Amino acid sequence: MSESGSRERPTYSAKLLHAFAELLEEYDDIPGFSEKMLDSIGDRILVEVAHQALSVAVQFTRDADLGLKASRRLVLGEVGAFHYVVSSSPTVRDAVEALSRYRRLINDVLDVQLLEEGDTATLRIDNSLILPRAALDFQMGSFYRNHVRDWLGQRASEATVQLMHQAPESLAEYERTFAPASLRFTAPFNGFTFHRAILDVPLKSADPHLHALMVPVADHTLGQLSDSRSVTADVRRLIRDRLSLGAPEIADVAADLAMSMRTLARRLESEGTTFRDLVDDVRRQLAVEFVGSRDLGFSDVAERLGFSHPAAFHRAFRRWTGQTPLGYRRLSGR
């Protein structure tokens, strides 16, 4: 991939997509997605290009579960130092810290948070851009099968896989991918919840010698990535901070970042998004979180999200989820 024109645009490790290419060898004439194509693009692939290729693959195969099936083909070690640093860590907690530290080795738009409350630990998986279902299913499935399932061991059946989207008509591929964990759809976030005590359990795959060998490799590779900071992440944070004051304006956010509106719009475009799309997505994520997991009245949610009238919030929520806030809350068990 060329250095100019792409440094500030988010990328994936191209190694992630080899599992899709291998899977698609079982189909004939899938345009734009092959081992030869991946070999020609180098180590990284633009997120927008990867998503376009996945959309074409899903369309031609007519297989909405393509991401889940590909996640079962990605084996430990195929994405290099990232896998080895995480899996060789001393404890589950150390592995999560390594996952968070080195996440950019595989994905520029990924964010990982570990939350602890009472007896519950939550590994929350967020992305600064909206992922199509195939990409999100692949992300969640590969994290679970290569890392989380091994961390949990015999207690995997006690864990819950949290998925924000609605349950499809058939759960067969989800159950096969995430067994023996439980599945929760229309969740307030994507991620995994499990017993907090597991965090301090030594990993069966812990290997201090391998870990000491791979950490410098991972650090060096991380340092080779572009030092440019994603403007998208900063804009999302500022939008979230300003929402309770009303719908954020691009002029105000640009001023906070000490740049002109035109420059901010151009930077966001180079990262594959727009200010309007980010406002809508931040609102969507917070709406699902507030409605699905908090004891807030819907008028309070509308106010926190910067809507001038509750009716406008209700219309937006139906557009985002296909359901009313009340219907979503009932479906999510709250």
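Extension gain for the segment residue 175 to residue 120, taken as residue separation times 0.36 nm less the Cα-Cα distance, is 17.6 nm to one decimal.
For residue 107, the residues whose amide H sits under 5 Å from its own are 13, ignoring neighbours fewer than 5 places away on the same chain, with H placed 1.01 Å from N. 3J(HN,Hα) couplings calculated from phi for region 264-281 with the Karplus curve 6.51 cos²θ - 1.76 cosθ + 1.60 (θ = phi - 60°) are, in sequence order, 4, 4, 5, 5, 5, 4, 5, 9, x, 8, 9, 4, 4, 5, 5, 4, 5, 6 Hz; Gly and Pro show x.
Could you give log10 I(q)/I(0) at q = 0.16 Å⁻¹ for region 186-269, computed by the Debye formula over C-alpha point scatterers of equal weight, without solvent? With no solvent term, the Cα-only Debye profile gives -0.88. When the helix-only estimate is applied to the chain (DSSP H runs of n ≥ 4, each -39,500 (n - 2.57), divided by the residue count), what is the mean residue ellipticity at 222 nm, nearest 500 deg cm²/dmol? Computed mean residue ellipticity for the chain: -14500 deg cm²/dmol. Working note: Debye formula, equal point scatterers on the alpha-carbon atoms of region 224-279, no solvent; log10 I(q)/I(0) at q = 0.13, 0.23, 0.25 Å⁻¹ is -0.30, -0.87, -1.01.
With the highest mean first, a sort of the peptides 100-107, 85-92 on other beta-carbon atoms found within 10 angstrom per residue produces 85-92, 100-107. Once the Kirkwood radius over Cα pairs is known for region 81-224, the Stokes-Einstein relation at 10 °C and 1.306 mPa s delivers a diffusion coefficient of 101 µm²/s. In this structure the amide hydrogen of residue 91, modeled in the peptide plane, comes within under 5 Å of the amide hydrogens of 203, none closer than 5 places in sequence on its chain.
Computed over the Cα atoms of the chain, pair by distinct pair, the Kirkwood hydrodynamic radius stands at 21.2 angstrom. If you take the square roots of the eigenvalues of the alpha-carbon gyration tensor of region 204-334 and sort them as a ≥ b ≥ c, do you get rounded (a/c under 1.5), prolate (a/b over b/c) or oblate? Oblate, because a/c is 1.5 or more while a/b does not exceed b/c.
The H on the amide N of residue 159, modeled in the peptide plane, is under 5 Å from the matching H of 182, each at least 5 residues off or on a different chain. Rounded to the nearest 20 debye, the dipole size of the chain about its Cα centre is 820 debye, using +1 on the Cβ of Lys and Arg and -1 on the Cβ of Asp and Glu.
Shape of region 129-214 from its Cα gyration tensor (a ≥ b ≥ c, root eigenvalues): rounded if a/c is under 1.5, otherwise prolate when a/b > b/c, or oblate?
Working: a/c = 2.23, a/b = 1.67, b/c = 1.33.
It comes out prolate by the Cα gyration axes.
Laboratory data are not the source of any read-out in this text; all were calculated from the coordinates shown. No experiment lies behind these values; they were computed from the predicted model shown. With ideal geometry, Cβ positions are generated from the backbone for all residues, glycine too; neighbour counts draw on all protein chains shown.
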